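Quick note: the coordinates plus some simple rules give every number you see, no bench work behind them. From a predicted model like this one, the values you see are computed outputs, not experimental measurements. Backbone-built Cβ (ideal geometry, glycine too); neighbour counts: all protein chains shown.
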Amino acid sequence: MPDSTIRNEAYQADILHAVEADKEIVFVLYSILDDTEEKIKYALAQILDRRARADLFTPLYSCTKELIANAVKANAKRLLIDEGVITDPDDPIEVVKMIRSVLNEKSLLEYGIKAKEHRLSTRVYFKAEPERFVIEVINNVPLDGKDLKRILERIEKSSKYDSIAEFYMENPDPIAEGMGLGLSMVVVLIKSIDIDWRNFTVSTNGKDKTYARITVPLA
Ligand SMILES: Nc1ncnc2c1ncn2[C@@H]1O[C@H](COP(=O)(O)OP(=O)(O)OP(=O)(O)O)[C@@H](O)[C@H]1O
Ligand SMILES: [Mg+2]
């Protein structure tokens, strides 16, 4: 039996035990790796199955993946600034160019190692409570007032739409690091599964953490 099969079975049993005991599950990431994605997928599928809400899996997994990508990118941006690769964090064109340069497999790995050394983690929490399920993604860089305001405005604007294509046509974001569509996709997806868009929040402690949270009411 190949090693990976043995490892897979071990993690699945661990996750299953935690899910069956309704324990909080946390994944700690420094980069985006297939292995971790598999574990996160497995945990989410098991939790939703247990609540007979397997129908929520695809949209919630897409949202979780997007929030992880944003968190890992924000940590990488901090490293790029600390390393002096980004010389002017207020120059959106430079920031976008540099962030995009680390968004390939090889650089993500390299930045994952650096992120670990600098304790810039991304934590994914799955909290299955009796009446709700909370997904929280936390990364180690605070948001300043200006960024938080920009993010909250985009979330609120997206809440008026049911399609990201329509949102994008009417609200392009020239200074987003990617397409600037992730947050709107989360809003549109959670609306599509009848969850109030206000159940998606982004906040910061202003010191060393940014929190992205989705609260899923469960009957
Ligand atoms: N966890 C976070 N920490 C810091 N900034 C964030 C975080 N999440 C989002 N942002 C900021 O919000 C902006 C918009 O996020 P959004 O996911 O909509 O777009 P994007 O990630 O730039 O592009 P896309 O998701 O389309 O690839 C980001 O460019 C980034 O500046
Ligand atoms: Mg994004």
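Some observations on this one:
- For region 1-107, the Kirkwood hydrodynamic radius comes to 16.1 Å, computed from all pairs of different C-alpha atoms.
- In a reduced charge model with +1 at each Lys and Arg Cβ and -1 at each Asp and Glu Cβ, the chain shows a dipole moment near 360 debye about its Cα centre.
- Spin-label pair residue 69/residue 205, simplified geometry with 7 Å Cα→Cβ offset, distance in nm: 2.8 nm
- Theoretical ellipticity at 222 nm over the chain - DSSP helices of four or more residues, -39500 (n - 2.57) apiece, nearest 500: -17000 deg cm²/dmol
- Between residue 57 and residue 110, the contour length at 0.36 nm per residue exceeds the alpha carbon distance by 16.0 nm.
- Pairs of Cα atoms farther than 23 Å apart, the chain, %: 49 percent
- Residues 72, 26, 202 in ascending order of nearby Cβ atoms (within 10 Å, fewest first): 26, 202, 72.
- Part-to-part distance (alpha-carbon centres) for region 89-156 and region 32-64, which is given in Å: 20 Å
- For region 112-155, the residues whose backbone nitrogen is under 17 Å from a point 7 Å from the Cα of residue 198, taken along Cα to Cβ, are 152-155.
- Nitroxide proxy distance, nm - points 7 Å out along Cα→Cβ at residue 21 and residue 176: 4.1 nm
- Residues 136, 105, arranged from fewest to most other Cβ atoms within 10 angstrom of their Cβ, appear as 105, 136.
- Residues 40, 155 arranged by fewest to most Cβ contacts within 10 Å: 155, 40
- A dipole drawn for the chain from +1 and -1 charges on Cβ atoms has a positive end, and of 175, 152, 107 the residue lying farthest that way is 152.
- Given R0 = 35 Å, the distance between the Cβ atoms of residue 42 and residue 91 translates into a calculated FRET efficiency of 0.30.
- Just so you know, the Cα atoms of region 84-141 work out to an Rg and Dmax of 15.8, 48 Å.
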